[in-house]
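See structure below.
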Amino acid sequence: MTIGATNTGLYGEQHVSLTHGWLPFTVQALAAAVLILAVGWRNQRWRTLWLPFAAVSGLLLTAAARWVMTSQGWSDGPAPTRLWIWTAVTGAAVVLLIVGWHATRWWRRGLAVLSVPLCVLSTGLTLNSWVGYFPNLDTAWEQVNSAPLPNQTRPETVVAMQKARQIPSKGSVVEVQTGSAASGFKHRDEYVYLPPAWFASNPPPPLPMVMMIGGEFNTPADWLRAGNAIKTVDDFAAAHNGNAPVLVFVDPGGSFNNDTECVNGPRGNSADHLIEDVLPFMTATYGVSADRRHRGIVGWSMGGTCAVDLAVMHPDLFSAFQDIAGDIAPNAGDRPQTVQRLFGGSTAKYADWDPMTVMSRRTYNDIAAWYDINGPELSRSPLPAQTVAAHSLCGAGSSRGIRCAVVEQPGKHDWPFAAQAFSVALPWLAGQLGTPDVPRLPLPGATTPAMPVEAARR
């Protein structure tokens, strides 16, 4: 089934987009013009020696970048061609600046110097248009300058408001330290969203809780900024008398580029942190329900893989999850690389964390799953890995008792897509978890055709 939603308006029309529109185009056009003027025609030696040398240098830089991306398993899908073009152009611009510094006019030197940051910026904008990490200029500025998060409030202020039953018009976001006593996992500060209904009584009502997990390269705040989660859940709460699940934005990696896939292994005991540190902390500190029927997980990309894994491995702790374009199994490169990097070379440990294997070993009761894919994709050949993964996981899960649906959303594999997917699924998830004043909705009707499971494994 295809949900007919679009990304328009999620971040507000007043913001200057960094993924499309006039700003990226203007910067890239300016970079190209400045570089052309800096290069010039010059003499024959310049044209026959240094220009080809710079071009080859740019191509070598591009080849190295592609090799690193592929070997580290940073992306399942191909990067846009424009990214590699700008990578090559940036490398060439640096070489031309160096080799062309002497025996040229001062203004051309100045243009050559200016061309390098402009090309770097153009490469960054192209990369950002692919992943959507900074949807708009405001989001980028806030993150670079460590500005307060949307609705961020001091923890002591939140406690005082709750004890006084001072109900805000919007929910509050607090920075928390969940600890690592059980896991020993070194993590960054995490965040909790408390809906207005949480402030209505003392002690607070035992509201449902949703664990929010981001992508491979992440900070715990990504869902709040790039994923627009606070506006989404605030709008939802406003439509339901202040009721919404409590959200906890967790740190599965400990650092921006530590791809743990939420497993326990050489990169840290990420799963133990999420299960044994975060869940008890949320119940003890914010009074959320400890009943599995009122706990869920939402994950995007790597976080989607985490959501599936944690839910099928711990059906005693969770009753629903949303997997937004995740992989079919923990993924840190190809299969041998994943086994080595995440499990120290143990194929048995890999099997213990492989959702398909885990589901084949047990049956499930009262658990539901929502899988999001970029659509429409079923007409493409070969099918994208996440499309195959979603249908394969849903098919395997449904045969073991997990109710599920695969839902097509417009968009590509980026943060705006994740934001839209969460916005569409939240009414279902909140109802599934028993949020007060929220009706329980059925899963969207969706077909789950047979998929070649191995096609999704790398």
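The values are calculated or read from the model by the stated rules, or taken from the named source; none is laboratory data. Computed from a predicted model, the values in this text were never measured in an experiment. Don't worry about glycine lacking a Cβ; one is built from the backbone with ideal geometry, like all the others, and counts go over all protein chains shown.
Residues checked against (1) surrounded by 15 or more Cβ atoms within 10 Å (Cβ to Cβ); (2) in the same structural domain as Ser270 (by TED's automatic domain parsing):
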site	(1), (2)
Leu137	no, no
Thr157	no, yes
Lys163	no, yes
Glu175	yes, yes
Lys186	no, yes
| request: Please find, among Thr126, Thr139, the residue that is over 23 Å from Asp334 (Cβ atoms), touching a His at 6+ places or on another chain (Cβ under 9 Å) and among the β-branched types (Val, Ile, Thr). | output: Thr139
| request: Considering every residue within segment 394-409, establish whether at least one is loosely packed, with under 15 Cβ neighbours inside 10 Å and acidic (Asp, Glu). | output: no
| query | Restricting the search to segment 70-85, which residues are surrounded by 14 or more Cβ atoms within 10 Å (Cβ to Cβ) and not polar (S, T, N, Q)? | reply | Gly73, Trp74, Asp76, Ala79, Pro80, Arg82, Leu83, Trp84, Ile85
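Listed here are the residues, each with its yes/no results for (1) touching a Leu at 6+ places or on another chain (Cβ under 7 Å); (2) in a helix (DSSP H, G or I); (3) among the aromatic types (Phe, Trp, Tyr); (4) at pLDDT below 85.
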site	(1), (2), (3), (4)
Tyr11	no, no, yes, yes
Gln14	no, no, no, yes
Thr26	no, yes, no, no
Pro52	no, yes, no, no
Ala55	no, yes, no, no
Thr62	no, yes, no, no
| field | Subset of segment 117-157 [under 16 Å from Ile230 (Cα atoms), in a helix (DSSP H, G or I) and either without any contact (Cβ under 8 Å) to a residue 60 or more places away in the chain or not β-branched (Val, Ile, Thr) (or both)] | value | Asp138, Glu142, Gln143
| remark: Within segment 86-98, residues being out of contact with any helix residue (DSSP H, G or I) (no Cβ under 7 Å at 6 or more places or on another chain) and crowded, with 16+ Cβ neighbours inside 10 Å number 0
| said: Which residue is nearest to Phe256 (Cα to Cα), if the candidates are limited to segment 71-102 and must be part of a helix (DSSP H, G or I) and small (Gly, Ala, Ser)? | reply: Ser71
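Looking at Gly434, Gly411, Gly401, can you tell me which residue is in contact with a Phe, Trp or Tyr (Cβ under 8 Å, 6 or more places away or on another chain), at pLDDT 95 or above, among the small types (Gly, Ala, Ser) and in a loop (DSSP other than H, G, I, E, B)? Step through it out loud before you land on a result.
On the way: Gly434 fails: in contact with a Phe, Trp or Tyr (Cβ under 8 Å, 6 or more places away or on another chain); Gly411 fails: at pLDDT 95 or above.
None of the other options fit; the residue is Gly401.
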